[in-house]
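Coordinate-derived values only; no laboratory data. The structure displayed is predicted, hence computed values, not measured ones. Note that each Cβ is placed from the backbone with ideal geometry, even for glycine, and that neighbours are counted across all protein chains shown.
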Amino acid sequence: MSSLRAPRSLRKRQPAKLADDLDYDLETLLKEHELNGVEYRAQRDAKKPKTGETEEEDKYADAFKGYEIPFDTLPALCIERIFAMLDSPQDLYNLAFSSKFLMSLVTPRAVIRSAVFNNLRKRDKGNRKTMANIMGYINNRSIHVPSAHRMLRLLNAKSCERGDRCWGKNLNTGKAMTLNRNSCNRPFGLALCDKCVKFGTTKVPYSHFSRFQQGVAFHQWNLLMNPQRDPKSGDVNGPLLEVLELQQIENTYANNDDKKSALDGIVQKALSSDGKYCPMHYEEKAAAYHEMFENAEKEADEHVAAALEKDQQKYRERRDERIAKRMTRIRSIYASLEDSLYDCPLKDLALDCRWLESDERCVKFTCHIVEQKLSNIISAPASASDRSIANAATSIKQIFNTLNEKNFFSFSYIENSGNRFRRGIYEYCTNETTPLEIMQSSIAGDAHFMQALEEEKPVRALVRALNRMRGALSRIFALSVVRDNPGVPDGDAENRVEEFRKLAEVVWNKKAPNQYGSEVMSFTIIKDTFNTCVEEFRTMKKNVKDYLRDEHTRRFLDRDTAIAGRDNFSRQDAIDQVFVPKTHTVW
């Protein structure tokens with residue numbers, strides 16, 4: 001017995017004075033115990049790790065630990081609310097059919113919401129489509145309104161509900177045919193297998209009067225089926241009307257209005273004989289189901305939209321944070337490049353760029369060769385070493401120092417050329433483009449470009465760069481073949497310089513072979529194209545001048561100033577169409 005000793009607190013001997021002092025106050029003793037208890041709990045709580053965010057939460061953290069409430073002892077309203085929060089028809093089915101009490105608390109709203117809200121985050125709308133298919137028949141008022149239990153069974157159905165009468169029943173196992181997993185249809189508001197749909201239905205012509213009538217349950221537009229009676233409960237499920245009744249109406253009446261009247265009468269009779277609802281209550285029940293479904297769909301769509309917006313907001317915040325970090329690093333890289341190119345004469349041209357504050361690229365260098373040299377560094381700025389940045393800066397500096405030493409952008413090497421194509425290049429480069437635009441060319445600064453400069457062939461390098469500038473060669477051809485005529489009056493056909501230049505550009509674009517393809521046009525091809533275009537343009541220019549000087553043309557202009565039926569299009573505009581031959585397939 002000595003081993004079964006009481007705890008130390010219970011074995012504590014009372015003070016001796018308590019035995020002798022008969023007037024000792026009991027409240028004083030309780031206060032002492034309370035003080036000891038407070039001290040003990042304070043020491044115990046100080047050793048325990050805090051799990052709550054506030055002292056109040058820590059105080060009541062273990063208040064209900066180990067206390068469980070049986071689920072079926074909760075109030076009925078509370079259980080119904082819990083059912084309405086379940087987003088899985090399978091979970092609702094397993095929970096509800098575990099006891100008769102819970103079965104009695106299943107509501108249509110809970111079933112509908114479980115189907116609509118199922119797997120929203122995974123975008124799995126299988127149960128929602130199944131419920132929508134059932135609701136389609138209910139909205140058409142063509143089937144017996146299913147109870148909450150029946151809707152739950154339809155959502156979780158795995159095999160054909162016809163049981164022994166199933167066309168696909170396996171006689172060895174005695175089980176009905178399994179439903180198609182990929183199908184969300186419940187034909188006629190029933191859980192039917194494919195063979196029952198194929199062999200247990202009646203096919204009617206597409207001209208059948210009842211195919212679009214309210215109260216008639218159709219599947220695949222031309223299949224009908226009789227109502228099905230549950231052998232256990234005796235409830236009638238599925239379509240309201242029998243196929244025989246619909247066919248008798250089709251055979252009896254010729255007028256569609258008479259057919260509709262007869263159909264309405266049969267529907268009312270079917271509702272009355274069912275015994276569940278009178279026609280008025282049936283309508284109220286169907287409308288209530290439809291309203292529940294629409295409200296659930298609206299709430300689900302709003303929930304998905306809110307979740308997507310929240311995810312997008314988080315993505316935008318992370319993206320902005322990532323861009324800010326990249327921008328800080330890339331600006332430091334840019335500063336290093338500036339320091340490395342401080343003595344380069346074309347430093348401003350090399351470092352010209354556009355900062356992209358809202359793009360993960362952060363920066364876009366204007367010169368293509370600079371963008372190419374820094375592509376690896378800009379794509380991963382965090383891992384770029386000082387050595388790689390210095391090597392890239394050295395390579396860029398060599399290219400632009402060479403351009404400066406060769407006086408490439410002065411164009412003095414073609415200023416006094418007797419070749420009219422070179423004169424056109426000089427006029428284009430000095431008046432209509434800039435060195436920055438030339439360096440935007442995808443091959444300006446590449447190995448062949450720099451080789452031509454090293455070999456003292458700046459014209460070849462320049463033409464190679466212009467080859468990849470859209471519209472450059474056609475404009476150079478136009479400047480080469482059409483010169484200004486300052487001594488000729490502006491109104492004369494000879495001095496319509498810009499119009500003739502546009503015509504020359506059209507000629508070049510028609511004759512140049514794949515000038516913007518992957519292959520660069522060689523000098524031989526450019527020369528042959530130039531000579532061919534000169535002959536073509538000479539003929540067209542002569543025809544245009546003859547056309548503009550013709551007296552019939554002058555007479556046409558002297559009539560009216562506008563063309564009938566065409567606003568903002570004058571007769572002069574009609575004449576000027578001669579400079580736009582690209583609308584014609586044959587010149």
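Is the shape of the range 415-467 best called rounded, prolate or oblate, per the rule: a/c under 1.5 gives rounded, else a/b larger than b/c gives prolate, else oblate, with a ≥ b ≥ c the square roots of the Cα gyration tensor eigenvalues?
Details: a/c = 2.46, a/b = 1.27, b/c = 1.93.
Judged from the Cα gyration tensor, the range 415-467 comes out oblate (a/c at least 1.5, b/c at or above a/b).
Treat each spin label as a single point 7 Å out from the Cα along the C-beta direction, and report the Ala324 to Arg229 distance in nm.
Simple spin-label model gives 7.4 nm for this pair.
Just grab the label-to-label distance for Lys406 and Asn172, each label 7 Å out from Cα along the Cβ direction, in nm (one decimal).
8.4 nm
Between Met280 and Ser104, what FRET efficiency comes out of the Förster formula 1/(1 + (r/R0)^6) with R0 = 25 Å and r the beta carbon distance, rounded to 0.05?
Numbers: r = 26 Å, r/R0 = 1.02.
The computed FRET efficiency comes out at 0.45.
Taking a ≥ b ≥ c as the square roots of the Cα gyration tensor eigenvalues, with a/c under 1.5 meaning rounded and otherwise prolate when a/b beats b/c, else oblate, which class fits the range 121-227?
Oblate, since a/c reaches 1.5 and b/c is not below a/b.
Taking the Cα centroid of the range 335-368 and of the range 230-296, what is the distance between the two, rounded to the nearest whole Å?
77 Å
Remind me, relative contact order of the range 313-406 in percent, using alpha carbon pairs under 8 angstrom and six or more residues apart? Show your work: numbers first, answer last.
Numbers: 82 pairs, mean separation 30.9, N = 94.
This gives 33 percent for the range 313-406.
Scan around Asn237 for amide H atoms under 5 Å from its own, H built in the peptide plane at 1.01 Å from N, and keep only partners 5 or more places away or cross-chain.
Gln228, Arg229, Asp230
Excluding residues on the same chain fewer than 8 positions from Lys347, give the lysines whose Cα lies under 19 Å from its Cα.
Once the sequence-local lysines are set aside, what remains near Lys347 is Lys364, Lys373, Lys397, Lys406.
7 Å from Cα along Cα→Cβ at both Thr433 and Arg470: what's the point-to-point distance in nm?
In this crude spin-label approximation the distance works out to 1.4 nm.
So if each residue of separation counts as 0.36 nm, and I subtract the Cα-Cα distance between Ala305 and Asp264, what length gain in nm does that give? Numbers along the way, then the final one.
Working: separation 41, 0.36 × 41 = 14.76 nm, distance 4.23 nm.
The Ala305-Asp264 span can extend by a further 10.5 nm.
FRET efficiency for Glu455 and Glu498, Cβ-Cβ distance as r, R0 = 35 Å, nearest 0.05? Write out the running numbers ahead of the final one.
Details: r = 38 Å, r/R0 = 1.08.
FRET efficiency, Glu455 to Glu498: 0.40.
Given R₀ = 25 Å, what would the calculated FRET efficiency be for Arg549 paired with Lys510, taking r from the Cβ atoms and rounding to 0.05? List each step's numbers first, then the result.
Details: r = 25 Å, r/R0 = 1.01.
Computed FRET efficiency for Arg549 and Lys510 comes out at 0.50.
Subtract the Cα-Cα distance of Asn376 and Gln90 from 0.36 nm times their separation in residues, and report this length gain in nm to one decimal. Write out the running numbers ahead of the final one.
Numbers: separation 286, 0.36 × 286 = 102.96 nm, distance 5.29 nm.
Extra length from Asn376 to Gln90 when fully extended: 97.7 nm.
Quick query: amide H of Val145 versus all other amide H atoms, modeled in the peptide plane; which residues come in under 5 Å with a sequence gap of 5 or more or a different chain?
So Val145 has HN proximity to no qualifying residue.
Can you give me the Kirkwood hydrodynamic radius for the range 361-480, using every pair of distinct Cα atoms, in Å to one decimal? Show your work: numbers first, answer last.
Working: mean 1/r = 0.0649 Å⁻¹.
In the range 361-480 this quantity evaluates to 15.4 Å.
I need the GluC sites (Glu not before Pro) found in the range 439-477, filtered to DSSP loop residues with at most 14 other beta carbons within 10 Å of theirs. Numbers along the way, then the final one.
On the way: sites: Glu454, Glu455, Glu456; in loops: Glu455, Glu456.
For GluC sites (Glu not before Pro) across the range 439-477 that sit outside H, G, I, E and B with at most 14 neighbouring Cβ atoms in 10 Å, the list reads Glu455, Glu456.
Sorted by average packing, counted as other Cβ atoms within 10 angstrom per residue and highest first, what order do 349-357, 307-315 take? Can you show the working numbers first?
Working: 349-357: 16.0, 307-315: 10.4.
Ranking, from highest mean packing down: 349-357, 307-315.
Can you give the extra length, in nm with one decimal, that the chain gains between Gln220 and Leu35 once fully stretched, where that is 0.36 nm per residue apart less the Cα-Cα distance?
Length gained, Gln220 through Leu35: 58.5 nm.
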